[in-house]
1. In the range 151-278, if every C-alpha pair distance is counted and binned at 10 Å from zero, what percent goes to each bin?
2. Please figure out what share of the DSSP beta bridges in the chain is antiparallel and state it in percent, rounded to the nearest 5.
3. What share of Cα pairs, in percent, lie more than 28 angstrom apart in the range 64-207?
4. If you average the alpha carbon positions of the range 136-205 and of the range 81-117, how far apart do those two centres end up, in angstrom?
5. Can you pull the accessible area of residue 25 for me, 1.4 Å probe, Å² to the nearest 10?
6. Give the carbon-plus-sulfur fraction of the accessible surface of the chain in %, rounded to a whole number; probe 1.4 Å, heavy atoms of protein chains only.
7. Could you list, in their original order, any pairs among 10/177; 87/189; 151/189 whose Cα atoms are separated by more than 31 Å?
8. What net charge is computed for the residues neighbouring residue 75, neighbours being all others with C-beta under 10 Å from the C-beta of residue 75, Lys and Arg scored +1, Asp and Glu -1?
Amino acid sequence: MAEITASMVKELRERTDAPMMECKRALTEAAGDLGKAEEILRVKLGSKASKAASRITAEGVVAIHRSSDDKLGAMIEINCETDFVGKNDDFLKLARDCAALVAEHDPADVAALSTLPMGEGSVESTRTALVGKIGENMSIRRFVRIEARGKLASYVHGGAKIGVLVDYQGGDDQLGKDLAMHIAAAKPKALDSSGVAVDLIESERRIAIEKAREAGKPEALIEKIAEGSIQKFLSEVTLLGQVFVKAEDGKQTIAQLLQAKGASVAGFTLFVVGEGIAKRTNDFAAEVAAQAAAAAQK
């Protein structure tokens, strides 16, 4: 059997926020396979084991640039070390200026963007100078440039921590704003089911099957139950399947809203600052010691 190390327990805990001992048990059951252990925790703990997927762990901002005709847009994420710097005027200007350069020059990647002219030098020299002035590191993490099939709507929320660009056709400006705000709030993973990764769907299917078996459901019904769970999952993670956050009846989906407005969505991009960057501030060793001490007192 594979050795279950403290570092493996730590990594699984960071992925799931599950209790330390639950992580150790899951790893033991999964023979050290982190992916399988995460699925085991999802079966046992449900949504408690998916918090890490949405945790914002790094500072910085999202900036958006849109052309005057709403046909061209760019969005960029720039990270820094502290929230204080994330509110600095020079830092915010760097982000806005970089978004405009992405829209204008269509650089291939961050390295290409860094060489573009800015001020008396380049983007990179401007960034370096700002690091020296503020005394804190900062980096350009990612960007996207969109040439709209229809027209673009955008939304920036939460102190520029969340940014959305959505390409839609039909409807009016209010619809575009509503769509962008909905995406920021509901955080869909894809436009429709075709955009959801097959391995993610299969993972949900395995979890649903195990949950049904643990609940004692008849074996003949398990596949049907799992399929129902998959459809519910897809409605929750796809934009068209989600219930519109401003729906007066609490039932109208985005697909139904678009149909009522004679509109459609070609695509969208959502940036959440720090998404996917694991950076825990707690002391894992201290946490282990505290839990051991608490167990000894029982």
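The values are calculated or read from the model by the stated rules, or taken from the named source; none is laboratory data. Model, not experiment: these values are computed from the prediction. Ideal geometry is used to build each Cβ from the backbone, glycine not excepted, and the neighbour counts take in all protein chains shown. Calculation scope for accessible area: heavy atoms of the full protein, side chains included, ligands and nucleic acids excluded. Shrake-Rupley method; radii C 1.70, N 1.55, O 1.52, S 1.80 Å.
1. P(r) for the range 151-278, in whole percents per bin: 12, 36, 29, 17, 5, 0.
2. Working: 35 of 36 bridges.
That works out to approximately 95 percent antiparallel.
3. Details: 3024 of 10296 pairs.
Counting pairs separated by more than 28 Å, the tail of P(r) holds 29 percent.
4. When both Cα centres are located, 19 Å separates them.
5. 130 Å²
6. Numbers: 8200 of 15830 Å².
Whole-percent figure for carbon plus sulfur exposure: 52.
7. Numbers: 10/177 41 Å; 87/189 28 Å; 151/189 21 Å.
Pairs exceeding the cut-off: 10/177.
8. Values: positive: 66, 142, 145; negative: 77.
Summing Lys/Arg as +1 and Asp/Glu as -1 gives +2.
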